[in-house]
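What follows is one structure encoded as structure tokens, with my remarks underneath.
What follows draws every value from the coordinates through simple rules; no lab data is involved. Owing to the predicted nature of the structure, the values given are computational and were not obtained by experimental measurement. Cβ placement follows ideal geometry from the backbone for every residue including glycine, while neighbour counts extend to all protein chains displayed.
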Amino acid sequence: MEERDLKLHQRRQQRRRNELIVKCIISLLVLIVVVLAVILIKDVAVPQLTGKNKREPRNYLEQLQGSSMSAVGQVGDGTGSSPAAVGTEAELIAKADRMAMQYDYDGAIAYLKSAEGYTASQNLQNAVAGYENTKSGCSAYPLDQITHVFFHTMIKDNSKAFDGDSKEGGYNQVMTTMSEFEGIMQSMYEKGYVMVSLHDMCTVNSDGTVTRGEIRLPPGKTPFVLSQDDVSYYHYMDGDGFAQKLIVDENGDVKNTYIEDDGSISVGDYDMVPWIDTFVKEHPDFSYHGHKGIIALTGYEGVLGYRTDEVYRTKEAGRVTEYQQKFLNEHPDFDEAAWQKEVTEAQKVAEAMKANGWEFASHTWGHISPQATGIDGVMKDTDRWLNNVATVVGDTDVIIFAFGADIGGWQPYTSDNPYFSYLKEKGFNIYCNVDSSKNWVQFGDNYMRQGRRNLDGYRMYYNPEMLSDLFDVSSVWDNARPTPVPEM
Ligand SMILES: [Zn+2]
């Protein structure tokens, strides 16, 4: 080897050694970063409320923990252990504050008291004293005076709903536009209304009896129940300015899709559920203990915009309606696997909704009026609901009758009412009809009933004075509505 070559060789060796050292340092740094990240993720991501508070659905805790927590997938393992608070003082207080903002003072107090440093922390103890103080100013709201308001699917594009076709009159009567809905909710929020669950109003006991619940609120706050019927995005509404379906977006939020004129799909808050979710993020005090509204579902054209009913799978002659046939013709590839995909997607949306504080009710499978259908028909219909809807959105003990019908008059249900006996046996404890009065609540030994007020074009146009406790019709009325609203 010549000297020149040797020097070159030595330089190369030196360079290799240097490179090796640099590589070692880089590897070490990467290792340190990874270890730090793991420690950090563990600290941040391990749910600060491990397990499930027995008194609250798991969803409530997930809401409090935020989506980054639930993304880790460790939330709410259902073991029923009491919450353990871990984090900095500021973090602990921020979480407890949010519970207290949603009127769950006991939850906020228990949460902070479970923190390891509680006894040594003046700040945590001061926060608890503050919650105790606010709590002592709360009183139980009279359950019989709780109002219940309901809507149908919101009109997103007025020009398409009110376009003069044969469906315009119906939309004008029973639907509400997005801008009206937003105005109504804003007004109710400003007046101190707070969304509660039907299950806050009553307690279903293991022996089947139903007893009064308790809703405690500070002065100036008024509980109300919110429901929405027929969130199916029925075929007949296609092209009429309504959302297409509900989806779970990449952030884990429930949103609507909407088909634009050019066929492109927009994603946004085009109906009640995502709009309320966004509103409560900004105004937590609109929700009692994280509870939101209740969605009343039929089953015959699927749920939440998904074609989940068995008929889309079996395509059974005689059961496929004209609209369904049109859908199947437009989707010749809608096979068993496609149907299963619809079911899976809808289940995912329903799970996300429940995790966000929403509940589901039966609106009967076929949108039937029970007494007009007869008991045999009700039995068949209920089986279909349980087999095609409960399998997607989960079980419920609430039935919200279609057409505002009921299975009896205003007198209490009795066991000789075959409809009541049957539905109670099938697990229904809470029954809702439609009633224009401000509040109508009835407690029986083994059920609760409540009337609901329709906040739609018909009511706003003909009886604005009946809504003045909630909002001023003239300030929310959408001028896109043709008038007069057709009479029923
Ligand atoms: Zn309905």
**OP:** Post the alpha-carbon centroid distance, segment 114-135 to segment 96-113, in whole angstrom.
**Re:** 10
Original post:
Taking other Cβ within 10 Å of each residue's Cβ, how do C202, C138 sort, fewest first?
Top reply: C138, C202
Subject >> Computed FRET value (nearest 0.05) for D416 with D163, which takes r as the C-beta separation and R₀ as 35 Å >> reply: 0.10
**OP:** Please tell me the relative contact order of segment 143-476 in percent, rounded to the nearest whole number, where contacts are Cα pairs under 8 Å and at least six residues apart.
**Re:** 22
**OP:** May I ask you to compute the full-extension gain from T203 to K281, defined as 0.36 nm times their residue separation minus their alpha-carbon distance, rounded to one decimal in nm?
**Re:** 25.3 nm
**OP:** Compute the distance in nm between two label points, each set 7 Å from the Cα along the Cα-to-Cβ direction, one at Y236 and one at E132.
**Re:** 5.9
Original post:
Which value in nm describes the separation of the simple spin-label points at D395 and D262, placed 7 Å from the Cα toward the beta carbon?
Top reply: 5.0
Subject >> log₁₀ of I(q)/I(0) at q = 0.15, 0.22 Å⁻¹ - segment 104-240, Debye sum with one point per alpha carbon >> reply: -0.91, -1.24
**OP:** Can you bin segment 175-277 into rounded, prolate or oblate? Criterion: square roots of the alpha carbon gyration tensor eigenvalues sorted a ≥ b ≥ c, rounded for a/c under 1.5, prolate for a/b above b/c, oblate for the rest.
**Re:** prolate
Subject >> Two-decimal ratio, segment 143-476, of alpha-carbon radius of gyration to 2.2 N^0.38 Å >> reply: 0.97
**OP:** Please arrange T257, T176, T134 by counting, for each residue, the other beta carbons lying within 10 Å of its beta carbon, fewest first.
**Re:** T134, T257, T176
**OP:** Just subtract the alpha-carbon distance of N479 and S114 from 0.36 nm times their residue separation and send over the number in nm, one decimal.
**Re:** 126.0 nm
Subject >> Between segment 434-480 and segment 273-311, the Cα center-to-center distance that results, in Å >> reply: 20
Original post:
Given the pairs K255/K292; K245/K281; K315/K341, which are separated by over 20 angstrom at their Cα positions?
Top reply: K245/K281
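Extension gain Q145-E250, at 0.36 nm per residue separation less the Cα-Cα distance, in nm?
Roughly 33.7 nm would be gained on extension.
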Original post:
Going highest first, how would you order 472-478, 316-322, 290-296 by mean Cβ packing within 10 Å?
Top reply: 290-296, 472-478, 316-322
**OP:** Between A337 and V320, with labels modelled 7 Å along Cα→Cβ, what's the label distance in nm to one decimal, could you check?
**Re:** 2.0
